[in-house]
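Undergrad: Dropping a structure here in structure tokens format, bear with me for questions.
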Amino acid sequence: MNAILNAGKKKNKKLFVLDTNVLMHDPTALYRFDEHDVYLPMVVIEELDAGKKGLSEPARSARQVSRFLDELMTGIPLDEINLGIPLPYAFSRHNNDKTEKESGRLFFQTQVLTHQLPASLPGSKNDNNILATTLALIELDDTRQVVLVSKDINLRIKATALGVYAEDYFNDKTLDDVDLLFTGTEELDEEFWDAHSKDMESWQEEGHSYYRMQGPRVEEWYANLCLYDEKQNFSAIVTEIENDNSALIRHASNYYKNDIWGIKARNREQNFALNLLMDPEIDFVTVLGVAGTGKTLLTLAAGLAQVLDQNLYSEIIMTRVTVPLGNDIGFLPGTEEEKMEPWMGALMDNLEVLASPQEGGSWGRSATNDLIRNRIKVRSLNFMRGRTFLKRYIIVDEAQNLTAKQMKALITRAGPGTKLICMGNIAQIDTPYLTETTSGLTYVVNRFKDWPHSGHITLLRGERSRLADYATEIL
């Protein structure tokens, strides 16, 4: 215990007491507190042991934390463990700065720390046990700030009520504010044209109008950024960033008139979305939007056009995370595809629209349905590990419910010739401990925005029905 007090005297280091859910949410949390020290109550180790069984993501994380702890303790004598195990040098989470900094130490609870909790908080409950340990640490040295870190909001509420400084785990946040999330579009105003039109070049190539732009605003652009000027009815997409202040842009294809499997764009963002989805040079597309903006319909229409008409991909694979909106309905019999069918209501609803030709009658509709179903496969995320998808058009629905780690595991399944589309609404997250700023969908939108083979668009206007649009606004 003296070692903890002595460590706090050096540059007034903070002591972070970690709750179990932090480690099960991010196994690397041990290394994310820079030069400050980390303290693990023994009840946390017990909870990790209890949660390590199974194939779920939290169980995998619990096992990974145990492996990290085992590596840190291997070959270290007991007296050094009591003095605190030096943690590896911390790296900046914002800019990946790998300059060496003073590292913190990892302390385990090796003796009983007691604190008299209020009678309303029984000490037998694990959360209250962690809270009592934190209070005891504060009493030992009131000159050092002790911080309880937990994803459990109720534990943070109890801690604050008892005078303990508690905070959420912020290191997994991609952005400080979701309003800063990249939208994929930029409006060009009169000032832009005044400053950039002087040295602009333009030409026609393969039926498209191309422009080469130079100027200060160009330095802030990304490849596949969607540009528009509402007054001049101008829509274009950045195709290439040539140097620091020069970019090549292409006039956007008109999908207001040219339909894709009977689907036409109804607004500017939908037209941009179809441009990104239909571009074979773009391997990864993210589509955000509230309910009714057309995410699934546009993505499916573009997929069917490229699979059945253009033969760019061999088949469409559609998947989503199986987080229920209400109570779970229990065991589902059948094959993998049959088990996933109840989760794929959005797919079936949109297929009804796409598989309803105006001509051919019932026989034509039946033939179209059979053709589509033979080229669309529904797969579960649970069986994606170890697979490699070649020349597939993969659609990930409800991607806002995936963690950053799950998203990485999924995207790395893509093989040569595969296109991956992630779509979702970050305002409707059902996975525990995920927020708008920590969702895997937010994570990939922010990380992929400067990769030349990725594109992103946020759909703004609902096009489902006047009832759905009104409900989105007022409810």
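Values in this text are rule-based calculations from the coordinates and carry no lab data. The structure presented is a predicted model; accordingly, all values stated were derived computationally and were not measured. Note that each Cβ is placed from the backbone with ideal geometry, even for glycine, and that neighbours are counted across all protein chains shown.
Undergrad: Calculate, for M42 and K408, the FRET efficiency according to 1/(1 + (r/R0)^6) with r their C-beta to C-beta distance and R0 25 Å; round to the nearest 0.05.
TA: The computed FRET efficiency comes out at 0.20.
Undergrad: Please give me the summed charge of the neighbours of D229: other residues whose Cβ is under 14 Å from its Cβ, Lys and Arg +1, Asp and Glu -1.
TA: For residues surrounding D229, the net value is -4.
Undergrad: State the extension gain, in nm to one decimal, for the chain segment bounded by L180 and K53, taking 0.36 nm per residue of separation less the distance between their alpha-carbons.
TA: Roughly 41.9 nm would be gained on extension.
Undergrad: Which distance in Å, rounded to a whole number, links the C-alpha centroids of region 389-419 and region 236-283?
TA: 22 Å
Undergrad: Taking K and R as +1 and D and E as -1, what net charge do the other residues with C-beta under 10 Å from the C-beta of N126 add up to?
TA: -3
Undergrad: Also: Compactness ratio of region 203-245: Cα Rg over 2.2 N^0.38 Å, N = residue count?
TA: 1.20
Undergrad: At a Förster radius of 35 Å, what calculated FRET efficiency corresponds to the Cβ-Cβ distance of E205 and K231, to the nearest 0.05?
TA: Approximately 0.85, to the nearest 0.05.
Undergrad: Evaluate E = 1/(1 + (r/R0)^6) for L460 and D79, where r is the Cβ-Cβ distance and R0 equals 51 Å; express this FRET efficiency to the nearest 0.05.
TA: About 0.25, to the nearest 0.05.
Undergrad: Shape call for region 370-427 from the C-alpha gyration tensor, a ≥ b ≥ c root eigenvalues: rounded (a/c under 1.5), prolate (a/b greater than b/c) or oblate?
TA: oblate
Undergrad: Here is a further query. What does the net charge come to around I81 if you take all other residues with beta carbon closer than 13 Å to its beta carbon, with K and R at +1 and D and E at -1?
TA: Value of the local net charge: -2.
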